[in-house]
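Data first, discussion second: the structure below is written as structure tokens.
The values are calculated or read from the model by the stated rules, or taken from the named source; none is laboratory data. The shown structure was predicted, so the numbers you read here are calculated from the model rather than taken from an experiment. For neighbour counting, all protein chains shown are included, and Cβ atoms are generated from backbone atoms with ideal geometry for every residue, glycine included. The area values use the complete protein model at the heavy-atom level, side chains included, leaving out ligands, DNA and RNA. Shrake-Rupley method; radii C 1.70, N 1.55, O 1.52, S 1.80 Å.
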Amino acid sequence: MEDVFDTTGRAPEGWMHAVFHGGPYGEDVGRCVPGPPAPGTLSVPLPEGGVHVYRLWTVGSWSDPDDPIAVYNPDGPPVPPPLLTDRERQWARAGRRRRGLGPVGLVALTDDGRMTYDPDAAAVEAMLAGLGERQYVVLQRLTGHDEGDFFIRVLLAEDATYEVEHQAGATGERRRARSASRAEVRGTVLRWMADQASDATAAACSIHRPGTPEAPQR
């Protein structure tokens with residue numbers, strides 16, 4: 001891959017701008033990659049030998065939707081979509097009020113940058129079914145959460161199992177569990193959405209943990 005930065009601010013035909021978090025290109029500015037669409041992975045030769053793998057995280061734009069920018073993370077643990085900040089939650093509420101809509105209590109966040117307000121069971125099932133390897137679905141409470149119980153994450157790992165992470169308690173204690181069953185994970189997430197925090201935690205604790213026999217596929 002070569003530097004093909006175009007000083008007009010737009011990538012040449014058949015290329016698109018890219019931002020790299022860490023790795024050998026972490027300090028570069030103006031680097032481009034083939035696309036769109038952006039490649040899902042990029043293997044970069046290292047001077048000392050071997051390769052460094054970047055994985056596509058999201059595609060966005062500074063301001064022009066016709067000038068997309070691919071954002072890559074170095075190979076390593078998958079990076080979940082960030083939770084909404086206090087200000088972003090305020091913006092969401094203000095936007096709903098302007099459109100004459102009621103308050104939003106829950107938001108679903110996915111790796112491609114999509115936000116879904118107050119998703120129902122069918123929407124959550126579709127998100128879980130649409131997960132790709134190393135991708136997340138994150139649900140965040142925007143109002144009414146107690147004792148620090150305000151988000152739950154689901155990751156589809158490389159071994160085709162689901163990892164569920166649930167923050168429980170004002171101390172921010174995080175509990176993780178793993179399951180091979182999407183139905184089991186769906187049930188845990190829906191119980192959490194229904195504000196049955198204790199039931200969700202109990203269900204998460206019953207899901208397969210590393211070092212114990214795998215949960216059967218349902």
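Answer yes or no as to whether R176 is open to solvent by 40 Å² or more (accessible area, probe 1.4 Å), outside any helix (DSSP H, G or I), more than 23 Å from T41 (Cβ to Cβ) and modelled with pLDDT of 85 or more.
So R176 fits the description; yes.
Being outside any strand (DSSP E or B), modelled with pLDDT of 85 or more and over 21 Å from V107 (Cβ atoms), is that true of even one residue in the stretch 184-201?
yes
Would you point out the residue of the stretch 1-14, among those that are touching a strand residue (DSSP E or B) at 6+ places or on another chain (Cβ under 7 Å) and surrounded by fewer than 18 Cβ atoms within 10 Å (Cβ to Cβ), that is modelled with the highest pLDDT?
G14
Go through (1) touching a His at 6+ places or on another chain (Cβ under 6 Å); (2) farther than 30 Å from S179 by Cβ one by one and return the number of the condition N73 breaks.
(2)
Restricting attention to the stretch 22-51, report how many residues are in contact (Cβ under 8 Å) with a residue 12 or more places away in the chain and either open to solvent by less than 80 Å² (accessible area, probe 1.4 Å) or outside any loop (DSSP other than H, G, I, E, B) (or both).
Counting residues in the stretch 22-51 that are in contact (Cβ under 8 Å) with a residue 12 or more places away in the chain and either open to solvent by less than 80 Å² (accessible area, probe 1.4 Å) or outside any loop (DSSP other than H, G, I, E, B) (or both) gives 19.
Condition check: assigned to a helix (DSSP H, G or I) and modelled with pLDDT of 90 or more. Does E165 satisfy that?
Criteria not met by E165.
Name the single residue, out of those in the stretch 67-107 being out of contact with any helix residue (DSSP H, G or I) (no Cβ under 9 Å at 6 or more places or on another chain) and β-branched (V, I, T), that is nearest to L156 (Cα to Cα).
Checking each candidate, the answer is V79.
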